[in-house]
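Notes for the one structure printed next.
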Amino acid sequence: MDITIKEKIAVVTGANRGIGFEICWQLAKAGVIVVLTSRDQQKGLTAVKKLEAMELPVRYCPLDVNHAASINHLLTFMQKEFGRCDILVNNAGVFQDQKNEEEDFPSVFSAKIETIRQTFETNVLGPLLLCQAFIPLMKKHNYGRVVNMSSGMGQLAEMNGGYPGYRISKTAINAVTRILNDELQEYNILVNSMCPGWVKTDMGGPNATRSVEEGAGTAVWLATLPDGGPRGKFFRDRKEIPW
């Protein structure tokens, strides 16, 4: 199925602010019809109004990636409104590791298992459930692009200590990318992971070295790859990096 860039339908999770919002803006500016999702409905609607004011093609649907019922609601919305989903950007994520007064950084030895569990649910199980929901829809049209938001902190090749919840979750989402890719070899569905770098967002903080535009750029590139593009790989700044 030949779908031009301006006919594509994208879902972006965790998109009311930061990198997610920027991804929506860049995709919509390119002519993609974007479904902006967020856990906080009021903040999501406010974000959509900003894009609508620019006359960009954007819709809104609430989404809490931690709840299967919310994912199913989004799937029903997409099936009813568009009949397909061409692009899925799994951007929603949390960074919950907290250091204490005795540590320079959050250590694996003092990490609360509940914190790791909650981080894993949002950063890994949520994206996995979304892939289980939407990739079958992509298969029907033999077209799909899936972008999993990862981090260099999840690289096994350069794994360090500290921040165990976040690190483990990002290593795991990379594993999800690889597994999905292997099982989708016969389809024109390209699944990749990416690292946005240290970006000036609420999560990254004011001392971060990269802008949201820079952080979102690789995600938009992966979301709009041509047929035959890279698949099952890990990128930063549009360049492949080690797992």
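Of the numbered conditions (1) of a type in the set (Ser, Thr, Tyr); (2) closer than 28 Å to Asp104 by Cβ; (3) in a loop (DSSP other than H, G, I, E, B), Thr171 fails exactly one; give the number of that condition.
The one condition Thr171 does not meet is (3).
Show the residue pairs meeting these rules: Cβ distance below 8 Å; 6+ apart or different chains; first residue within the stretch 214-243 and within 18 Å of Met159 (Cα to Cα) and without any contact (Cβ under 8 Å) to a residue 60 or more places away in the chain; second residue buried (at least 21 other Cβ atoms within 10 Å of the Cβ) and hydrophobic (A, V, I, L, M, F, W, C).
Note: pairs meeting the criteria are Phe235/Met194; Phe235/Cys195; Phe235/Leu222; Glu240/Phe234.
Quick one: is Phe82 closer than 14 Å to Pro164 by Cα and in contact (Cβ under 8 Å) with a residue 40 or more places away in the chain?
Criteria not met by Phe82.
Taking the stretch 69-98, which residues are surrounded by fewer than 14 Cβ atoms within 10 Å (Cβ to Cβ) and of a type outside the set (D, E, K, R)?
Across the stretch 69-98, the qualifying residues are Ala69, Asn72, Thr76, Gln79, Gly83, Gln98.
Every residue, every condition in (1) more than 15 Å from Leu130 (Cβ to Cβ); (2) buried (at least 19 other Cβ atoms within 10 Å of the Cβ); (3) modelled with pLDDT of 95 or more; (4) touching a strand residue (DSSP E or B) at 6+ places or on another chain (Cβ under 9 Å), yes or no:
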{"residue": "Asp2", "(1), (2), (3), (4)": "yes, no, no, no"}
{"residue": "Ile5", "(1), (2), (3), (4)": "yes, no, no, no"}
{"residue": "Val11", "(1), (2), (3), (4)": "no, yes, yes, yes"}
{"residue": "Gln26", "(1), (2), (3), (4)": "yes, yes, yes, no"}
{"residue": "Ser38", "(1), (2), (3), (4)": "no, yes, yes, yes"}
{"residue": "Glu55", "(1), (2), (3), (4)": "yes, no, yes, no"}
{"residue": "Leu63", "(1), (2), (3), (4)": "no, yes, yes, yes"}
{"residue": "His67", "(1), (2), (3), (4)": "no, no, yes, no"}
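Among Leu184, Leu156, which is surrounded by fewer than 19 Cβ atoms within 10 Å (Cβ to Cβ) and more than 15 Å from the chain's Cα centre (by Cα)?
Just a single option satisfies the conditions, and that option is Leu156.
Only one residue in Asn148, Asn123 is closer than 17 Å to Ser38 by Cα, outside any helix (DSSP H, G or I), of a type outside the set (Asp, Glu) and touching a helix residue (DSSP H, G or I) at 6+ places or on another chain (Cβ under 6 Å), so which one is that?
Answer to the selection: Asn148.
Got a sec? Which strands (runs of 3 or more DSSP E) wholly within the stretch 1-118 have at least 2 residues that are β-branched (Val, Ile, Thr) and under 14 Å from the mean Cα position of the chain (by Cα)?
Numbers: elements: 9-12, 33-38, 58-62, 87-90.
Result: 9-12, 33-38, 87-90.
Residues in the stretch 206-243 that are assigned to a loop (DSSP other than H, G, I, E, B) and of a type in the set (Val, Ile, Thr): how many?
Total satisfying the criteria: 3.
List pairs: first residue in the stretch 54-71 and over 28 Å from Ile5 (Cα atoms), second residue among the small types (Gly, Ala, Ser) anywhere in the structure, Cβ distance under 7 angstrom, at least six positions apart or on different chains.
Sorted first by the residue in the stretch 54-71, then by its partner, the pairs are Asn66/Gly126.
The values are calculated or read from the model by the stated rules, or taken from the named source; none is laboratory data. What you are looking at is a predicted structure, and each value in this text was computed from that prediction instead of being measured. Neighbour counts are summed over all protein chains in view; Cβ atoms, including those assigned to glycine, are modelled from backbone coordinates with ideal geometry.
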